[in-house]
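The values are calculated or read from the model by the stated rules, or taken from the named source; none is laboratory data. All values derive from a computational prediction rather than experimental measurement. Note that we place each Cβ from the backbone using ideal geometry, even for glycine, and neighbour counts take in every protein chain shown.
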């Protein structure tokens with residue numbers, strides 16, 4: 001029996017940059033550390049990426065003395081159009097979500113469709129409350145603004 005995920009978020013962004021540059025910004029740790037799970041409030045950041053199917057990624061960011069760690073595994077890499085990976089923050093939940101990044105070229109812009117979904121049939125989590133969905137969307141939006149600065153520079 002298939003069931004819709006407990007958590008679901010879809011966002012679309014456009015960047016004035018070549019598709020390859022946007023794709024690589026998700027996988028190149030030198031670029032990724034400037035926008036993904038970090039901010040100007042960060043005291044330090046460590047980004048490790050093994051960009052291959054089955055490869056792991058870990059980003060550790062310290063803000064105001066608190067260490068935040070995001071991690072996952074690459075499930076699918078189809079350059080420069082699609083990246084699928086798991087995403088978890090073990091300090092907050094033992095569960096992980098699946099992130100899908102789909103990219104397409106539209107003239108001189110790249111269209112990015114970002115999808116975050118999580119939960120499974122065994123999950124005890126209820127649907128993510130609207131205020132938490134808005135908080136998650138707000139956090140991703142801040143990162144996507146920073147991604148724009150990284151790829152449009």
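Comparison of 27, 36, 9 shows that the only residue that is within 20 Å of residue 82 (Cα to Cα) and at pLDDT below 95 is 9.
Against the definition (farther than 18 Å from residue 11 by Cβ, at pLDDT 95 or above and either surrounded by 13 or more Cβ atoms within 10 Å (Cβ to Cβ) or more than 13 Å from the chain's Cα centre (by Cα) (or both)), how does residue 73 come out, yes or no? Criteria met by residue 73.
Considered as a group, the residues in the stretch 8-53 that are within 11 Å of residue 112 (Cβ to Cβ) and part of a loop (DSSP other than H, G, I, E, B) include one that is farthest from the chain's Cα centre (by Cα), and that residue is 17. If the condition is being under 20 Å from residue 137 (Cα atoms) and without any contact (Cβ under 8 Å) to a residue 40 or more places away in the chain, then the stretch 22-32 contributes only 32.
Every residue, every condition in (1) modelled with pLDDT of 95 or more; (2) exposed (fewer than 14 other Cβ atoms within 10 Å of the Cβ); (3) farther than 22 Å from residue 141 by Cβ; (4) in contact with a strand residue (DSSP E or B) (Cβ under 6 Å, 6 or more places away or on another chain), yes or no:
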site: 40; (1), (2), (3), (4): no, yes, no, no
site: 47; (1), (2), (3), (4): yes, no, no, yes
site: 89; (1), (2), (3), (4): no, no, no, yes
site: 93; (1), (2), (3), (4): no, yes, no, no
site: 102; (1), (2), (3), (4): yes, no, no, yes
